Amino acid sequence: MKRWVIVAAILVIGAWLLGMWLLPGAFSAKRKPTELEIAMARFLRHWATPVDYRHAVNPIPLSPEVLREARHHFADHCAICHANDGSGKTAMGPNFYPPVPDLRQDAIQSMSDGELFYVIHFGIAFTGMPAWGSSSPEKDLESWKLVHFIRHLPQITQEELDDMKRYNPISRQELEEQLAIERFLAGEDIQLPTEHGHSH
Ligand code: HEC
């Protein structure tokens with residue numbers, strides 16, 4: 001009896017010391033995952049995607065109209081992390097753990113349509129990627145349209161990127177400044193906003 005108490009105490013103290021040695025910094029998002037970690041996560045997520053989703057066929061036929069809609073949707077909801085061109089080069093993108101990936105790269109373009117849909121619909125736990133799906137079938141169709149857009153990213157044109165800028169979220173203040181500049185350029189006699197806040 002007494003021996004077991006001593007063994008248990010040694011184990012508890014040992015685990016505590018090991019934890020104190022390993023834990024500091026373990027939850028910092030400033031770390032970068034290793035190539036091995038990334039490859040393992042990708043492998044596990046592939047097999048964690050239910051078969052029905054993996055083999056699902058995009059129910060939305062590709063058309064210029066669908067692509068345009070998805071482009072605006074992406075600019076509004078996804079570009080804040082992923083950038084309009086899908087590069088992930090945004091203020092937040094590189095600072096997540098794991099960082100926002102370049103959506104144009106092979107590792108992502110080689111995923112099936114169903115796998116991409118699954119990521120958009122269910123998000124990715126323990127990362128910055130949120131789940132966007134709801135139980136409404138209309139929302140599902142939005143996600144399928146985004147799958148078409150992600151496939152289009154490697155061929156996106158400058159013209160399309162310029163168009164997207166009009167759909168990126170901006171602050172109320174930026175909007176007021178832009179409107180003021182437009183009115184000024186249109187010849188209205190108004191004072192332009194200064195660096196120190198707004199003028200009315
Ligand atoms: C708050 C930031 C954020 C927003 C907003 C966001 N994502 Fe992500 N996304 C991430 C992060 C972080 C990852 C990387 C996760 C990982 O590596 O496991 C990611 C990964 C992805 C991937 C790659 C999945 C994979 O298997 O590698 C796709 C596709 C994706 N996002 C699509 C979208 C779409 C479409 C939207 C908009 C509807 C969106 N994301 C909005 C942060 C975001």
Within the stretch 85-165, chymotrypsin sites (Phe, Trp or Tyr not before Pro) in DSSP loop having at most 12 other beta-carbon neighbours inside 10 Å
F126
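First compute the accessible area of the stretch 63-200 with a 1.4 Å probe, then give the percent of it belonging to carbon and sulfur atoms.
Numbers: 4690 of 8400 Å².
Result for the stretch 63-200: 56 percent of the exposed heavy-atom area is carbon or sulfur.
Would you mind calculating the relative contact order of the stretch 30-169 from Cα pairs under 8 angstrom and at least 6 residues apart, reporting the percent as a whole number?
Working: 157 pairs, mean separation 43.4, N = 140.
Relative contact order comes out at 31 percent.
Between exposed trypsin sites (Lys or Arg not before Pro) in the chain, where DSSP calls loop and at most 13 other Cβ atoms lie within 10 Å, what's the longest gap? Mind dumping the intermediate values first?
Details: sites that count: K30, R31, K89, R166.
With trypsin sites (Lys or Arg not before Pro) excluded where exposed in loops, the chain gives 90-165 as its longest stretch.
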Considering only P61, P130, P101, give the residue with the highest GNM mean-square fluctuation for the chain, with springs between Cα atoms whenever their separation is below 10 Å.
P61
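What's the carbon and sulfur percent of the stretch 13-55's accessible surface, probe 1.4 angstrom, rounded to a whole number? Please list the in-between numbers first.
Numbers: 2870 of 3810 Å².
Ligands and nucleic acids excluded, carbon and sulfur give 75 percent.
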Students often get this wrong: which residues of the stretch 108-145 have the backbone nitrogen under 20 Å from the point 7 angstrom along Cα-to-C-beta of K89?
108-109
Backbone N within the stretch 99-117 under 20 Å of label point (7 Å from S28 Cα along the Cβ vector)
99-100
Which links in K32/K89; K89/K165; K30/K89 stretch past 20 Å when you go from one Cα to the other?
none
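Taking loop as defined by DSSP and a crowding limit of 16 other beta carbons within 10 Å, which GluC sites (Glu not before Pro) in the stretch 7-75 fit?
Values: sites: E35, E37, E65, E69; in loops: none.
Loop-located and lightly packed - none at all.
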Average accessible surface area per residue within the chain, 1.4 Å rolling probe, Å²
70
Can you give the relative contact order of the stretch 112-161 as a percent, counting alpha carbon pairs under 8 Å and 6+ residues apart?
27
Springs between alpha-carbon atoms under 10 Å, Gaussian network over the chain: tell me which of L175, L116, L161 tops the mean-square fluctuations.
L175
Modelling each spin label as a point 7 Å along the Cα-to-Cβ direction, I'd like the A48/F184 distance in nm, to one decimal.
5.1
Please build a GNM for the chain, connecting alpha carbons under 10 Å apart, and tell me which residue among A48, A29, A70 fluctuates the most.
A48
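From the Cα gyration tensor of the chain, with a ≥ b ≥ c the square roots of its eigenvalues, which class applies: rounded if a/c is under 1.5, or else prolate if a/b is larger than b/c, or else oblate? Can you show the working numbers first?
Working: a/c = 3.04, a/b = 1.57, b/c = 1.93.
Since a/c reaches 1.5 but b/c is at least a/b, the shape of the chain is classed as oblate.
The values are calculated or read from the model by the stated rules, or taken from the named source; none is laboratory data. Predicted model only: the values in this text are computed from it and were never measured. A quick note on method: Cβ atoms are made from the backbone with ideal geometry, for glycine too, and the neighbour counts reach across all protein chains shown. Heads up: the accessible areas ignore ligands, DNA and RNA and are worked out on the full protein's heavy atoms, side chains in. Shrake-Rupley method; radii C 1.70, N 1.55, O 1.52, S 1.80 Å.
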